[in-house]
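Engineer: Input: one structure, supplied below.
The values are calculated or read from the model by the stated rules, or taken from the named source; none is laboratory data. Since this is a predicted model, take the numbers as computed values, not measurements. Virtual Cβ from ideal backbone geometry, glycine too; neighbours counted across all protein chains shown. Surface accessibility is based on the protein's heavy atoms, side chains included, excluding ligands, DNA and RNA. Shrake-Rupley method; radii C 1.70, N 1.55, O 1.52, S 1.80 Å.
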Amino acid sequence: LGPDHPRSAALRAQLLAHAAPVAATLPAGDVWVDGLGDPRGLEGRCWCPTPSARARLTEVSARLSAHDPPFEVLRRVNGRGFSHRLCPLEGERALHDPDAARRTLERGHWMVHRAHTFAGRGHRFVHGPPTSEDLGWIDKGLTLGPLFAAPRLELELEVALHGHVRPGGDVERGVVTVQEVDRGQWRRSVRAEGALRADEARALERAFEAAAAALIDAGYTGPFGLDAFRHAGGFHPLSELNARYSMGYPLGMGGW
C-alpha cells in the first residue's frame, strides 16, 4: 500500500470486477465514478482513501472529504502487523528477513501473508520446505515489509463484523455477517443469524472493541471491518482488520 503503487492491467480489471457489484448496491442518486452518471459536485467517498483514489475524485470534480485519515495512518492501520499486535493467531510469526523465513517454513503447512493484502492477493500457501518459487515470492514480499506466517488451518466458518469511526471518536457497530469465500476471494455475505456460539460472539465483540480503540488511538476515522473464523481447534476473533470499506459493509451496516 504505497502512494504511487503501480497497477497492472490485470489488477485494474480485477478491481473493476469487484467494484461493479458494489456499485449495484448504491442508493438512488449516488454515482459510481467509473460507471454512468455525473459525479461533479457530489461528495466523494473512496473505497480506501489513498492519494491515487483522492486524486481520481479530484479529476472528476467530486468534493473530497475533510475527514479522510493521513496516508501514513491509513498505511499503518491496514498493515497486517497492526492486527497481529492486537490479536495474533496462535502459532503466527512475523518474518523480517529471508533467513528467518526459511527456518520457520522448513517444516509444516503455512499460510504466508504479505504486509498488505487485498481480494485474495498477497497470500501464499507454503508446504515446507519452501520451493525456489516460494523463496522468490518471499524475497519480493520482504521488500514491501514483514511477512506473517500462520499454520494452515481448515476453516469451518468465516464471519465479519463492520464498524465506522466517526469524526470525534464515536463508533458505529454493525451486525455479524457470514462470508462465503472461494480461494480467498469474497463471493457474498449473509446475516449470521445465530451462526456463532455465545462464547464466540463475546470474543468477536471484545476484538471489535479493541480494534476500534486502536484505530482511534492511531488517528483513523472511517469504515472498518474485522474478519474472524472458526476452525477445528477453536475460534479466532480477528484474522484481518480492514480499515476501509469492504464487500460485506452495506449488509453488515445496513447501507452505505
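Engineer: Carbon and sulfur: what percent of the chain's accessible surface (1.4 Å probe)?
Structural biologist: Here it works out to 52 percent.
Engineer: Dipole of the range 1-120 (Lys/Arg Cβ +1, Asp/Glu Cβ -1, origin at the Cα centre): which of H18, T58, A101 lies farthest to the positive side?
Structural biologist: A101
Engineer: If you don't mind, another one. For the range 1-139, what size does the Cα cloud have along each of its three principal axes, sorted from largest down, in whole Å?
Structural biologist: That gives 56, 28, 25 Å along the principal axes, largest extent first.
Engineer: Along the charge dipole of the chain, pointing to its positive end and built from +1/-1 on Cβ of Lys, Arg, Asp and Glu, which listed residue (H164, N78, P223) has its Cα farthest out?
Structural biologist: Highest projection toward the positive end goes to N78.
Engineer: In whole Hz, what ³J(HN,Hα) sequence does the range 89-101 give by Karplus (6.51, -1.76, 1.60; θ = phi - 60°), x for Gly and Pro?
Structural biologist: Each residue's phi maps through the Karplus curve to give 5, 4, x, 6, 10, 7, 10, 10, 8, x, 5, 4, 5 Hz.
Engineer: Right, here's the next one. Provide, for q = 0.18 Å⁻¹, the log10 of I(q)/I(0) from a solvent-free Debye sum over equal Cα point scatterers in the range 121-256.
Structural biologist: Once normalised to I(0) and log-transformed, intensities are -1.07.
Engineer: Let me ask another. What ranking do 28-38, 52-62 get when scored by the average of other Cβ atoms within 10 Å per residue, highest first?
Structural biologist: 52-62, 28-38
Engineer: Could you tell me how many degrees, from 0 to 90 and to the nearest 10, lie between the Cα long axis of helix 9-23 and the main elongation axis, the longest principal axis, of the Cα atoms of the chain?
Structural biologist: 60
Engineer: Sorted by average packing, counted as other Cβ atoms within 10 angstrom per residue and highest first, what order do 103-113, 188-198 take?
Structural biologist: Highest-to-lowest ranking by the protection proxy: 103-113, 188-198.
Engineer: Once you list every other residue whose beta carbon is under 9 Å from the beta carbon of T117, what net charge do they have if Lys and Arg are +1 and Asp and Glu are -1?
Structural biologist: +2
Engineer: Helix 132-142: angle to the longest alpha-carbon principal axis of the chain, degrees 0 to 90, nearest 10?
Structural biologist: Once rounded, the angle reads 50 degrees.
Engineer: In nm, give the distance between the simple-model label positions of D38 and V175, each being 7 Å from the Cα along the Cα-to-Cβ direction.
Structural biologist: 3.8
Engineer: Another question, then. Would you mind giving the three semi-axes, in whole Å and largest first, of the ellipsoid equivalent to the chain according to its Cα gyration tensor?
Structural biologist: Computed over the chain, the values are 30, 23, 17 Å.
Engineer: Also, quick follow-up: Mind grabbing the base-10 log of I(q)/I(0) for the range 164-219 at q = 0.21, 0.22, 0.25 Å⁻¹? Debye formula, identical points on the C-alpha positions, no solvent, two decimal places.
Structural biologist: Log10 of I(q)/I(0), two decimals: -0.93, -0.97, -1.02.
Engineer: Search the structure for amide H atoms under 5 Å from the amide H of H231, placed 1.01 Å from N in the peptide plane, and list their residues when 5 or more places away or on another chain.
Structural biologist: E156, H236
Engineer: Could I ask something else about it? Tell me the per residue accessible area of the range 27-69 using a 1.4 Å probe; a whole number in Å² is fine.
Structural biologist: 64
Engineer: Further question on the same structure: So, by mean Cβ neighbours within 10 angstrom, what's the order for 242-248, 172-178 with the highest one leading?
Structural biologist: 242-248, 172-178
Engineer: Can you compute the charge dipole magnitude of the chain about its Cα centre, using +1 on each Lys and Arg Cβ and -1 on each Asp and Glu Cβ, nothing else charged? Give it in debye, rounded to the nearest 20.
Structural biologist: Here the chain has a charge dipole of around 320 debye.
Engineer: Okay, next question. Multiplying the sequence separation of H123 and R206 by 0.36 nm and subtracting their Cα-Cα distance, what value in nm do you get?
Structural biologist: The span from H123 to R206 would gain 27.2 nm if fully extended.
Engineer: Let me ask another. So between R152 and R188, what do we pick up on full extension, going 0.36 nm a residue minus the alpha carbon distance?
Structural biologist: That pair, R152 and R188, stretches by 10.7 nm at full extension.
Engineer: Compute the acute angle (0 to 90°) between the alpha-carbon long axis of helix 198-218 and the principal axis of greatest extent of the alpha-carbon atoms of the chain; round to the nearest 10°.
Structural biologist: 70
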